[in-house]
Amino acid sequence: MSFYRVNEKCNGCLACVQNCPASALSYKDRGSSRKIFHNMSLCARCGNCWRICPEGAIEFEQMMVGQWDEVIAMKMIPCNICGEPVYTAGIGRTLSKKLDRKVEALCSKHKKSVPLSVWKRIAMGRGLVNGVRK
């Protein structure tokens, strides 16, 4: 999930590093190797590195597209009655642990059969009483 990419045209001249206004680029020379580093949290996303590179080695376009990158995929648990996805398996484990029992997977249409006392126990496990954090 890197927005900042350098292709094989890079010759290591360091024009990008020397001209980065946010100091988001750095390098290290070790033995016979030069490594260039980019820190996305420091990056001003100004594109100066892309404009200044004499070799056209910086591929900054991915950042400008504004695409969505998948960061995680989780298994969904379906409603036991109709099969509609209800919550992730992780949420199910968390709720089961807090309630000390297996939680029945029910969608909003079918959860009306769940007693209010169960929902209150869930809220109390989070430190909430009547919707207010205690």
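The values are calculated or read from the model by the stated rules, or taken from the named source; none is laboratory data. Fair warning: this is a prediction, and the values are worked out from it, not measured in the lab. Positions of Cβ are generated from backbone atoms using ideal geometry, with glycine treated the same way; all protein chains shown enter the neighbour counts.
Conditions tested, residue by residue: (1) at pLDDT 95 or above; (2) among the acidic types (Asp, Glu).
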{"residue": "22", "(1), (2)": "yes, no"}
{"residue": "30", "(1), (2)": "no, no"}
{"residue": "51", "(1), (2)": "no, no"}
{"residue": "64", "(1), (2)": "no, no"}
{"residue": "70", "(1), (2)": "no, yes"}
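Yes or no, residue by residue, for (1) outside any helix (DSSP H, G or I); (2) at pLDDT 90 or above; (3) more than 30 Å from residue 40 (Cβ to Cβ); (4) not assigned by TED's automatic domain parsing to the domain that holds residue 36:
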{"residue": "56", "(1), (2), (3), (4)": "yes, yes, no, no"}
{"residue": "80", "(1), (2), (3), (4)": "yes, no, yes, yes"}
{"residue": "97", "(1), (2), (3), (4)": "no, yes, yes, yes"}
{"residue": "101", "(1), (2), (3), (4)": "yes, no, yes, yes"}
{"residue": "104", "(1), (2), (3), (4)": "yes, no, yes, yes"}
{"residue": "117", "(1), (2), (3), (4)": "no, no, yes, yes"}
{"residue": "123", "(1), (2), (3), (4)": "no, no, yes, yes"}
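Counting just the residues of the range 2-19 that are touching a helix residue (DSSP H, G or I) at 6+ places or on another chain (Cβ under 6 Å) and either β-branched (Val, Ile, Thr) or surrounded by 15 or more Cβ atoms within 10 Å (Cβ to Cβ) (or both), which one comes out modelled with the lowest pLDDT? Don't jump to the end; show me each part of the working.
Taking the range 2-19 as the starting set, the residues that turn out to be touching a helix residue (DSSP H, G or I) at 6+ places or on another chain (Cβ under 6 Å) are 3, 15-16, 19.
Now narrow it down to the ones that are either β-branched (Val, Ile, Thr) or surrounded by 15 or more Cβ atoms within 10 Å (Cβ to Cβ) (or both): 3, 15-16.
Numbers: 3: 70, 15: 96, 16: 95.
Among them, the one singled out is 3.
Among residues of the range 82-103 that are surrounded by 12 or more Cβ atoms within 10 Å (Cβ to Cβ), those with a Cβ under 6 angstrom from a residue that is among the small types (Gly, Ala, Ser), sequence gap 6+ or separate chain, pair up as 86/105; 98/125; 103/92; 103/96. I'd like the full set of residues that are part of a loop (DSSP other than H, G, I, E, B), under 28 Å from residue 72 (Cα atoms) and touching a strand residue (DSSP E or B) at 6+ places or on another chain (Cβ under 7 Å), limited to the range 1-51. Of everything in the range 1-51, those that are part of a loop (DSSP other than H, G, I, E, B), under 28 Å from residue 72 (Cα atoms) and touching a strand residue (DSSP E or B) at 6+ places or on another chain (Cβ under 7 Å) turn out to be 4, 7, 24.
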